[in-house]
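Step one of this worksheet: look at the structure below.
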Amino acid sequence: MEASRTTDLSPVELTAVEIAEHVKKGDITAEAVTKATLDRIDTFNPKVNAFLHVSRDEALEAARAVDQKRARGEALGVLAGVPVAIKDALSTRGTPTTSASKILEGYIPPYDATVITRLRAADAILPGKTNMDEFAMGSSNENSAYGTVKNPWDLTRTPGGSSGGSAAAVAARFTSTSLGSDTGGSIRQPAALTGTFGFKPTYGRVSRFGLIAFASSLDQIGPFASDVRGAARVLSVISGRDTKDATTLEAAVPDFEAACTRGVKGLRIGVPEEYFQKGLDPEVEASVRGALAELEKAGCIIKPVSLPHTRFAVATYYVIATAEASSNLARFDGIRYGLRVEPERGGIKDLYGATRDRGFGKEVKRRILLGTFVLSAGYYDAYYLKAQKVRTLIKQDFDKAFESVDVICAPTSPTPAFKLGEKSNDPLAMYLSDIYTLPASLAGLPAASMPVAPTKSGLPIGFQMVGRALEEETLFALAAFMEPSSPLRSFPKLS
Ligand code: GLN
């Protein structure tokens, strides 16, 4: 599809920072921005299926409250009037939250996730909840219980997963920013496949309180955005210690937006040879190498590095993530939340069984079975414990590489967006599409995906950058430097 960017000040084309500035100055109201957002969702969401729930009245009410605050002369938050689409894995008080699972149909959380509380406090507007793979398990959105998301660049293709709805919402410019979660690539891979900027922060940077847990030693929340500063601003708002999530770090939150103007001269970029092997699409490789060559011309130092345990990442991840998932998902029993299936006969165990059988989709069941198996008494040492040891080796690969470079760059995904249905019956092929995103997740490192030159047929390609723990600023500096020559600001025509 053809890319476009017109010059009028339609709220749909403004970045998050531009919206907040215009709302503060008063040359546009938060209500007008919100109406334009809801109109665009009404018109195009039926094609894209990015939203599971649209919070029309609540969003308009919140927008009017921001406008009234301004009229009273009160100071506005840094996301004043900025619509932010929210992955349905995040609990939103009073708004349905399903994690795209039938088992949570009808569940309305009585509380907000910490990231939601922080967005509201910054005067952001939440227009709705986005579609995803059920419980964030998947790489194509085809595991949603509510229909797949379509890639706005080509409606016959996947937007990636699991945060495909949040990625598509930004790609289609329903909103300029959104929140996703990334356990093994679920922000970066859909960002790559939809030509958006996606950012997974360091493990512990952002509170997961209120995130429906998938694999707790890996899950992180982060933004998608139509520009780099938008993501920086959202990340600044949601980051920082939270007493409700003991894994959050005490570290001070830097000014991520300020890092965007730092430049990249002298930046040492490591290129891992293991990420450029069999299975990598030639167009993806050419585009990523082209971007690296430009960075070298701009004064970066490009060095080969080795991450020798990369080839164990898929196996390691699928042992650890399924083990943790099998434990996290035990809470969905038909008693406390959402769906309850009353069995024809029997007692409470039959109720658990009937509810879980009806409520969980195929991939979720597969993972619960796998995870329960690797944790079982006879196999724990052989699988789970072994995977934990390999995880340490993978982390040590990065530690070693970061002795001589500041950032590691590689493709985000081995291929551009694949066709819907292409891998849905082959779980292994699907798992392999995460091969480049899993290692940074296992190591807990910050990582982002930035669009680089698209394929000949116009499909987006993502350039991944991985930083040292708590050095998100380096990634913002690099992405912002690449932005003027990146296709990030173009978006597909949907009409
Ligand atoms: N695609 C990977 C999986 O299926 C990663 C998902 C995620 O990061 N939530 O587990």
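The values are calculated or read from the model by the stated rules, or taken from the named source; none is laboratory data. Quick caveat, the model's predicted, so the values are computed rather than measured. Cβ: placed from backbone, ideal geometry, glycine included. Neighbour counts: every protein chain shown.
Could you figure out which of (1) more than 16 Å from the ligand (Cβ to nearest atom); (2) more than 20 Å from residue 16 (Cα to Cα); (3) among the charged types (D, E, K, R); (4) crowded, with 24+ Cβ neighbours inside 10 Å isn't true of residue 283?
So residue 283 meets the others, but not (4).
Could you list, in sequence order, all residues of segment 146-165 that are surrounded by fewer than 24 Cβ atoms within 10 Å (Cβ to Cβ) and closer than 22 Å to residue 93 by Cα?
Answer for segment 146-165, where residues must be surrounded by fewer than 24 Cβ atoms within 10 Å (Cβ to Cβ) and closer than 22 Å to residue 93 by Cα: just 146.
Which of the residues belonging to segment 118-156 are under 21 Å from residue 102 (Cβ atoms) and either assigned to a strand (DSSP E or B) or among the hydroxyl-bearing types (Ser, Thr, Tyr) (or both)?
128, 129, 130, 139, 140, 144, 146, 148
Counting residues that are crowded, with 22+ Cβ neighbours inside 10 Å and within 16 Å of the ligand (Cβ to nearest atom), which helices (runs of 4 or more DSSP H) fully inside segment 395-495 reach at least 2?
438-443
Sort out which residues of segment 182-219 are more than 9 Å from the ligand (Cβ to nearest atom) and polar (S, T, N, Q), and write them in order of number.
194, 196, 202, 207, 216, 217
Among the residues of segment 189-208, which ones are part of a strand (DSSP E or B) and not hydrophobic (A, V, I, L, M, F, W, C)?
Those that are part of a strand (DSSP E or B) and not hydrophobic (A, V, I, L, M, F, W, C): 198, 200.
Applying the selection to segment 159-176, what residues are more than 10 Å from the ligand (Cβ to nearest atom) and closer than 16 Å to residue 461 by Cβ?
Those that are more than 10 Å from the ligand (Cβ to nearest atom) and closer than 16 Å to residue 461 by Cβ: 159, 167, 171.
Among the residues of segment 83-92, is any at pLDDT 95 or above, of a type in the set (Asp, Glu) and under 22 Å from the mean Cα position of the chain (by Cα)?
Within segment 83-92 (the criterion being at pLDDT 95 or above, of a type in the set (Asp, Glu) and under 22 Å from the mean Cα position of the chain (by Cα)), the answer is yes, since at least one residue qualifies.
I'd like the residue in segment 265-275 that is surrounded by fewer than 20 Cβ atoms within 10 Å (Cβ to Cβ) and in contact (Cβ under 8 Å) with a residue 40 or more places away in the chain and, out of all such residues, is farthest from residue 463 (Cα to Cα).
Checked segment 265-275; the qualifying residue farthest from residue 463 (Cα to Cα) is 268.
Mind checking which pairs have a first residue in segment 362-388 that is touching a residue at least 40 places away in the same chain (Cβ under 8 Å) and a second that is of a type in the set (D, E, K, R) and within 16 Å of the ligand (Cβ to nearest atom), Cβ under 6 Å, 6 or more apart or different chains?
Qualifying pairs under 6 Å: 364/134.
Any residue at all in segment 63-81 that is more than 19 Å from residue 168 (Cβ to Cβ), under 24 Å from the mean Cα position of the chain (by Cα) and without any contact (Cβ under 8 Å) to a residue 24 or more places away in the chain?
no
Hey, could you check segment 13-42 for residues that are of a type in the set (A, V, I, L, M), part of a helix (DSSP H, G or I) and closer than 19 Å to residue 490 by Cβ and say which is nearest to the chain's Cα centre (by Cα)?
Per the criteria, the residue is 16.
For the list (1) more than 12 Å from the ligand (Cβ to nearest atom); (2) in a loop (DSSP other than H, G, I, E, B), I need the number of the one condition that residue 179 fails.
All conditions are met except number (2).
Quickly run through segment 324-351 and pick out the residues that are surrounded by 18 or more Cβ atoms within 10 Å (Cβ to Cβ) and of a type outside the set (A, V, I, L, M, F, W, C).
If the condition is that a residue be surrounded by 18 or more Cβ atoms within 10 Å (Cβ to Cβ) and of a type outside the set (A, V, I, L, M, F, W, C), then 324, 326, 328, 333, 334, 337, 338 are the ones that fit.
So, of the residues in segment 356-391 that are away from the ligand (no atom under 16 Å from the Cβ) and in contact with a Leu (Cβ under 6 Å, 6 or more places away or on another chain), which turns out to be modelled with the highest pLDDT?
Residue satisfying both the conditions and the ranking: 359.
Does residue 296 fit the bill of being among the acidic types (Asp, Glu) and either under 18 Å from residue 471 (Cβ atoms) or surrounded by 14 or more Cβ atoms within 10 Å (Cβ to Cβ) (or both)?
Judged against the criteria, residue 296 is not a match.
Can you tell me which residues in segment 389-434 are among the basic types (Lys, Arg) and without any contact (Cβ under 8 Å) to a residue 24 or more places away in the chain?
Within segment 389-434, 389, 400 meet the criteria.
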